[in-house]
Amino acid sequence: MNRSTIGRCVAAAVAICAGATMSLGALTGINKEIKCGDTLLATVNFAVPTLYASGATGGITVSGSATKTAAFTGKMRWVQMIKTNQPLNTNTPANTPYFDPGELDPTGNDFPFYWNENLQGRDGNNYAGLWVQNKFSNGGNTLSFFDEPKRTWTGAAINWQAELSLVCWDMTTNVLGVLWTGTYGFNITAGGNLTINGITEMAVGGTFLTQAAIDQRFGDVYTISTDCENCIPTPAAAGLLAFAGVFAARRRRAA
Amino acid sequence: MVIGGDGLAWIALGSLAGAICSLAMSGCERPDNPPDRPASARLGGAAAALAPSTNIACVIVRLRGASDRPPPVLVFAAGGSDAAHAAAAVNASEPMGATPSAVGDAAYACLVGAIPSGASGAAIEVEHCGASPRRVLLDKVEGERWLAAASACVGAPSEAGRLLESMRTLLRAMP
């Protein structure tokens, strides 16, 4: 089945408003339905990113969320990879993509996901604010995202770019089905000019999240797939779900 | 002057476009960069103004320098409930949440006493909140020095000590 994604308001607003009083700038929000064939799996929403500047430290603030439908199967997670000439908390060389958080970040876990899978960080402390369980709302259907990457300008040019993906994680097979990918980032010139960009949708999977990259960091554990069928129930599971629904409805009527 | 024909059509088209634009802007994100959200800026100016975090007696530690995923904010107070209440207050404004840590009275007094008075920098922010609040921004060297002193106050093997040590690791990694 081919993946089909449908953009709504943003695309419409650009098309209609561009000729009037607005022009398409470098910063955009996202409001996107993620479909697999005709099946709606999730909606991705991001506000227009904002610039972060405090003294000589600059960066970008990005916030958004993904809301899954009943058709979404597996665990919904964010995966973010960074490419920068000033890597942090990682042994990855400059200008080579690495998973965020890096493997040396004491507050992180050893999973490829942005939010921690465990309450306890690598250093043994509890970080409730980074725990994925605390990032869900709306009955466990909406997963938030927030990032505010920054670097301190010391006279050298700095580049920082992220590729953020929404994935479904099959915990049995460790297949990560990538459903949506976007990119954002910032640049600081040698003269101290900060420019931010994004958040821009890109081809699902992007360019940073490769099988080789995840194998190198986590060993032969995870499989990256851009086939959205990994994120919908198998026919047998779907039949079972339908049966369970009918059974539950009958019990409710009988009660 | 008679307005009709093409004129009316253009007015109608304009109204329709305006209505759709309004709908688009209220129902979803604006596609361009609004005037109050600049896409570029010149760094090196004054650091952003900082608002008080809580009126509960506590010490709040924030990393302000380079980071990828923003580190959590540490909140130390003398007593578990004070630490929890202060962290809850800070949580409201911190997307990554605050991590509370209760310390003994002597350790808390030591933490507060270790905060430098006339420091300036941008790597780490230490705030003494409560009745006589004050806040200092420390550079990397001063920040490490304060974290080492704070660790000594609370004792390295304690939970508070581990949190401070983690922050020191993050600070050290900053370019």
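Computed from the coordinates by the stated procedures, all read-outs in this text should not be read as laboratory data. Quick caveat, the model's predicted, so the values are computed rather than measured. Cβ coordinates were reconstructed from backbone atoms using ideal geometry, including for glycine residues, and neighbour counts include every protein chain displayed.
The percentage of C-alpha pairs in the range A:127-180 whose separation is greater than 15 Å is 69%. With 22 Å as the limit on Cα-Cα distance, the pairs of A:Lys68/A:Lys150; A:Lys75/A:Lys150; A:Lys32/A:Lys68; A:Lys35/A:Lys150; A:Lys32/A:Lys150 that go past it are A:Lys68/A:Lys150; A:Lys75/A:Lys150; A:Lys35/A:Lys150; A:Lys32/A:Lys150. Exposure proxy for B:Ile56, A:Ile196: other Cβ atoms within 10 Å of each Cβ, ordered fewest to most, give B:Ile56, A:Ile196. Taking R0 as 30 Å, what FRET efficiency do you get between A:Ala212 and B:Asp139 from their Cβ-Cβ distance, rounded to the nearest 0.05? So, using R0 = 30 Å, E works out to roughly 0.15. Modelled label positions at A:Ala70 and B:Ser132, each set 7 Å beyond Cα in the direction of Cβ, lie 6.2 nm from each other. The distance between label points at A:Val221 and A:Ala156 comes to 3.2 nm (points 7 Å beyond Cα on the Cα→Cβ vector). Its Kirkwood hydrodynamic radius, worked out from the mean inverse distance over all distinct Cα pairs, puts the range A:102-201 at 15.8 Å.
Annotation: extensible slack from A:Ala26 through A:Ala190 equals 56.9 nm (criterion: 0.36 nm per residue apart, minus Cα-Cα distance). Using a cutoff of 8 angstrom between alpha carbon atoms and counting only pairs six or more residues apart, the relative contact order for the range A:33-143 works out to 17 percent.
Based on the Stokes-Einstein relation at 37 °C and a viscosity of 0.692 mPa s, and on the Kirkwood radius from alpha carbon pairs, the range B:35-138 is assigned a translational diffusion coefficient of 225 µm²/s. Taken over the range B:86-175, the convex hull of the Cα atoms encloses 105 Å³ per residue. All alpha carbon pair distances within the range A:52-112 were sorted into 5 Å bins beginning at 0; the resulting P(r) in whole percents reads 4, 13, 18, 18, 21, 13, 8, 4, 1, 0. Note on the range B:49-110 and the range A:86-102: Cα centroid distance 28 Å, given to the nearest whole angstrom. Taking Cα centre as origin and charging only the Cβ of basic (Lys, Arg, +1) and acidic (Asp, Glu, -1) residues, the dipole magnitude of the range A:75-184 rounds to 180 debye.
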